[in-house]
Structure formats: C-alpha cells, structure tokens
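**Student:** Got a structure for you, questions after.
The values are calculated or read from the model by the stated rules, or taken from the named source; none is laboratory data. Worth saying up front: this structure is predicted, and the values here are computed from it rather than measured. Neighbour counts are summed over all protein chains in view; Cβ atoms, including those assigned to glycine, are modelled from backbone coordinates with ideal geometry. Please note that ligands, DNA and RNA were not included when accessible areas were found on the heavy atoms of the full protein model with its side chains. Shrake-Rupley method; radii C 1.70, N 1.55, O 1.52, S 1.80 Å.
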Amino acid sequence: MAANSGKSVLFVCLGNICRSPIAEAVFRKMVTDAGAVDKWRIDSAATSTYEIGSPPDHRGQACMKTHHVPMSHIARQVTKEDFMNYEYILCMDDSNMSELKRKAKSVSNCSAKIELLGSYDPQKHLIINDPYYGSEDDFEMVYEQCVRCCKVFLENNS
Ligand code: 6LJ
C-alpha cells in the first residue's frame, strides 16, 4: 500500500463553516503530531447548501489561531460518493444525523459508518451544538469537545 492505508473520516455539520472544519483541523493536527497523517484521508462537508464556497466562520478561525491549530477549508456539501468513499462520517447533532441517514438511503452501496462525533466524548457530552448564532465561548466549547472526541476516535483507530 502506498501513502494511504485506508483510514478515512469525513466530519459533517449543517453549513461546514463552524463545527466540522474545526473538527477536521483538530483531528488533522492530532494525526500529524502522532506521525500518522499519511495513513488518513480527512475532510469535512455540509448537509446543506447554505455556505458552499465559504471559508470557516471568523470566530472559529480566531479560536483555532488561539490554539495554534492550522485550519484551511472551503465549504462543500456531502456527495453520494462520500457515503461510499469514507469509512466514517462523524456528525455533530441529531439533525445532521437524520439528514445524513436520509441522504444515505439514496446511495445503493453506503459503506460509511455514520456516527455522532460526541459519542466518543469521555465526558459524555453527546451533542456538539451549532454555534452560528452563539458567542466566542460557544466556539471554544466546540473546540474543546472536538479535542476530547477526536483523541478517543484516534486512539480507537490506531
Ligand atoms: C435557507 C434558510 C436558512 C442555524 C447557518 C444556522 C443558520 C448555520 C445558518 C450554520 C452554518 C437559506 C439559508 C438555521 C452556516 C449557516 C442562516 C440561515 C441560512 C439555524 C437554526 C438554528 C441555529 C443555527 N437555519 N445560516 N438560511 N446555522
């Protein structure tokens, strides 16, 4: 096998500008620091079309700068191919989950495991709430949840 030994994860939220690009960036940094970045395909996407083509929310960018986590992404919507090409699709809330399950029904060979990222939280905070109408503190909370969950997800897949 060449650069990629087959591990893959797609992080998904409503617009792909707040939560999922943070999760993607946090996970990529962890995997990079663990020396395993070549083993993984990592991306993020939206259930909606709301922000296709947009960079991450400026509050999330500020939060990532504070924590020295590189983040570079342009929002895109999930595709049918994503359901066949990713081993894991990790989403943030119940609304994301129902949208993904609904979309997966129109894919004949959906092999992805669709799960809540929060299901990996050792502190059992299951839902990662949409901070779009929230404050900087809400983005900080998203970041901290992503760190806890991504750490366990990576441990489970190492
Ligand atoms: C169709 C009607 C909605 C949101 C977001 C919320 C709203 C967002 C957003 C997350 C990421 C045309 C588009 C909702 C990016 C954009 C404003 C409305 C977009 C919603 C409900 C509760 C809490 C947050 N919707 N954009 N327009 N989250």
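**Student:** Between E115 and S158, what is 0.36 nm times their sequence separation minus the Cα-Cα distance? Round to one decimal in nm. Display every interim value, and only then the final one.
**Tutor:** Numbers: separation 43, 0.36 × 43 = 15.48 nm, distance 1.82 nm.
Length gained, E115 through S158: 13.7 nm.
**Student:** Near E87, within a Cβ-to-Cβ distance under 10 Å, what is the net charge of the other residues, with Lys and Arg +1 and Asp and Glu -1? Spell out each step's value before the answer.
**Tutor:** On the way: positive: K7, R41, K113; negative: none.
The answer is +3.
**Student:** A further question follows. How are the alpha carbon pair distances in segment 7-156 distributed across 5 Å bins from zero to the largest one, expressed in percent?
**Tutor:** P(r) over segment 7-156, rounded to whole percents: 2, 10, 21, 24, 23, 13, 5, 1, 0.
**Student:** So between H68 and Y88, what do we pick up on full extension, going 0.36 nm a residue minus the alpha carbon distance? Numbers along the way, then the final one.
**Tutor:** Values: separation 20, 0.36 × 20 = 7.20 nm, distance 2.58 nm.
Extra length from H68 to Y88 when fully extended: 4.6 nm.
**Student:** Can you list residues whose amide H is under 5 Å from K7's amide H, if they're 5+ apart or on another chain and H is modeled 1.01 Å from N?
**Tutor:** Here the answer is R41, since their amide H atoms fall under 5 Å of that of K7.
**Student:** What's the percent breakdown of Cα-Cα distances in segment 1-61 across 5 Å bins, shortest bin first?
**Tutor:** 4, 19, 25, 20, 15, 11, 5, 1
**Student:** Would you work out the charge dipole size for segment 7-156 about its Cα centre, treating the Cβ of every Lys and Arg as +1 and the Cβ of every Asp and Glu as -1, and quote it to the nearest 20 debye?
**Tutor:** 480
**Student:** Another question, then. Which value in deg cm²/dmol, rounded to the nearest 500, describes the helix-derived mean residue ellipticity at 222 nm for the chain, given -39,500 (n - 2.57) per DSSP H run of n ≥ 4 and division by the residue count? Numbers along the way, then the final one.
**Tutor:** Values: 5 runs with 62 residues, N = 158.
Helix contribution divided over all residues of the chain: -12500 deg cm²/dmol.
**Student:** Follow-up question, since we're still on this one. Please give the peptides 84-97, 39-52, 59-72, 10-23 ranked by average Cβ packing (other Cβ atoms within 10 Å per residue), highest first, as a rough proxy for protection. Don't skip to the answer; put the middle values down first.
**Tutor:** Working: 84-97: 20.2, 39-52: 18.5, 59-72: 16.1, 10-23: 27.8.
The packing order, highest mean first, is 10-23, 84-97, 39-52, 59-72.
**Student:** For segment 49-118, what % of the accessible area comes from carbon and sulfur atoms, probe 1.4 Å? Working shown, then result.
**Tutor:** Numbers: 2010 of 3850 Å².
That share works out to 52 percent.
**Student:** Rolling a 1.4 angstrom probe over the protein heavy atoms, how many square angstrom per residue are accessible across segment 7-156?
**Tutor:** Details: 7300 Å² over 150 residues.
With the other protein chains kept in place, segment 7-156 gives 49 Å² per residue.
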